[in-house]
């Protein structure tokens, strides 16, 4: 993605990350060998330490994101409430919204001041920091101390700093992969057939001999299946925070990718792949390339934006159930824990009990797996120690365990290595931390310019970044339109905020 967090490109990346982000875990060093529920005394001691049967019954409304409607949602909700009513005397009303409507629905609910208790939020959807700044969420520091005995030990204390907005915690992370290595996923059958040595792949260009073989010998296969595949980290930028600065630039100058020679070089690469037939000719106008290409097994290789342990197994279902292999192009960098959180609404009538529920769902494996995968024997089958096979046609397969809570409470998918969680924790905790980590951009002063820039990217982004449009003609046009839309004002505001942030740290 380029300088702006464009809505269309955001959904492309989010779609990849939705599939990728589900492997992660807490950092207490505990391996989940088989899901077990925490005892009532440990998982929920009640308000002020009271037993659950001494608590007044309450109902909590939880809004969250899921890709599509789940026919058996009510069955799962009923089973969830058998647990929550026993442990914290709370009835949970699961009220998810589907796909791309989530953010619009939540913005409407918050603007209207409607009553609800918990909502999923993130740095890419229903923006966490923006909503915290607007007062949509309840600060949680005191509530966590009083009612969240498991939350503070869920991950290292320094990671909690990433959740703070103006010094306070407003969301409980759904602790997951918190580091990124840009990589590539490839269908194993083609890697094996053409004897591709993955050790030779260090950059995009190294794939071209492989693509040429596919183009000549596999007429029904699309060599490359990602529409927008620019990554700043592959082109020498620190792009894991809101500050887009060239690595090693002591002047701390933020750049707008669209105006850099590195971005231009990427567009020329994409254009050459498109002209050689390595990219589907209609990919820029496809409503959902994943459904039209990837799910049918027609893609040989695609971007892996997180390149996390076990991701190649988790992604199989999205690749027509074809076996995958992965190759990592960059070293891991810490990306933070705000890619998924659950926050408590300022309109909640029961914030204490809502926090108790969040503590429970992040510590009770039975509850977490029920929400994530449904009912054993109906929606999934256990295939080994802590491993399951999901039945996608069963009536409950939301495929978003990272929305529910810390996925270290959960099962592995059949085929994932038993040490997947340990390797994920190691990746999270050993990843390089950007010198700009903790900097967030307050968009409020430039909302008009952001909307105008987004509109420009909606028009040009997919065409240019997929190679469909000739950069010689359309890149100058893009740059001109961005300037007209206020990109320079936007860049200046971001630079000023970064400068102030840097001063505050001296």
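Just so it is clear, none of the values below were taken in a lab; they were calculated from the coordinates. This one's a predicted model, so the numbers in the text were calculated from it and none came from an experiment. Don't worry about glycine lacking a Cβ; one is built from the backbone with ideal geometry, like all the others, and counts go over all protein chains shown.
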**OP:** Please compute the Cα-Cα pair-distance distribution of the range 261-406 with 10 Å bins starting at 0, giving whole percents from short to long.
**Re:** 9, 25, 32, 21, 12, 2
Subject >> Largest-first principal axis extents of the Cα set of the range 260-300 (Å) >> reply: 35, 19, 16
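Would you work out if the range 313-397 is rounded, prolate or oblate? Take a ≥ b ≥ c from the square roots of the eigenvalues of the alpha-carbon gyration tensor; rounded if a/c is under 1.5, else prolate when a/b is larger than b/c, oblate otherwise. Can you show the working numbers first?
On the way: a/c = 2.45, a/b = 1.31, b/c = 1.86.
Since a/c reaches 1.5 but b/c is at least a/b, the shape of the range 313-397 is classed as oblate.
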**OP:** Could you let me know the centre-to-centre spacing of the range 86-104 and the range 232-283, using Cα atoms, in angstrom?
**Re:** 38
Original post:
Percent relative contact order of the chain, based on C-alpha pairs within less than 8 angstrom and at least six residues apart?
Top reply: 27
Original post:
Using alpha carbons only, how many degrees (0 to 90, rounded to 10) separate the axis of helix 447-465 from the longest principal axis of the chain?
Top reply: 50
**OP:** Obtain the nm distance between the two label points defined at residue 134 and residue 430 by a simple spin-label model: each point lies 7 Å from its Cα along the Cα-to-C-beta direction.
**Re:** 4.1
Original post:
Once both axes come from the Cα atoms, what is the angle between helix 102-112 and the longest principal axis of the chain, in degrees from 0 to 90, rounded to 10?
Top reply: 50
Original post:
Between residue 448 and residue 330, how many nm apart are label points set 7 Å from Cα along the C-beta direction?
Top reply: 3.4
Original post:
How big is D, in µm² s⁻¹, for the range 245-340 by Stokes-Einstein at 10 °C and 1.306 mPa s if Rh is the Kirkwood radius over C-alpha pairs?
Top reply: 96
Subject >> Between helix 471-484 and the chain: long-axis angle, C-alpha atoms, 0 to 90°, nearest 10 >> reply: 50
Subject >> For the range 423-466, the fraction of alpha-carbon pairs in successive 10 Å shells from zero, as % >> reply: 21, 22, 27, 28, 1
**OP:** Would you mind checking the radius of gyration and Dmax of the range 392-439 based on alpha-carbon positions, in Å?
**Re:** 14.9, 46
Subject >> Along each principal axis, Cα extent of the range 408-487, largest first, Å >> reply: 52, 34, 23
Subject >> FRET efficiency for residue 217 and residue 323, using Cβ-Cβ distance with R0 set to 22 Å, rounded to 0.05 >> reply: 0.70
Original post:
In units of 2.2 N^0.38 Å, what is the alpha-carbon radius of gyration of the range 119-248?
Top reply: 1.53
Subject >> Debye log10 I(q)/I(0) at q = 0.11 Å⁻¹ for the chain, Cα point scatterers >> reply: -0.96
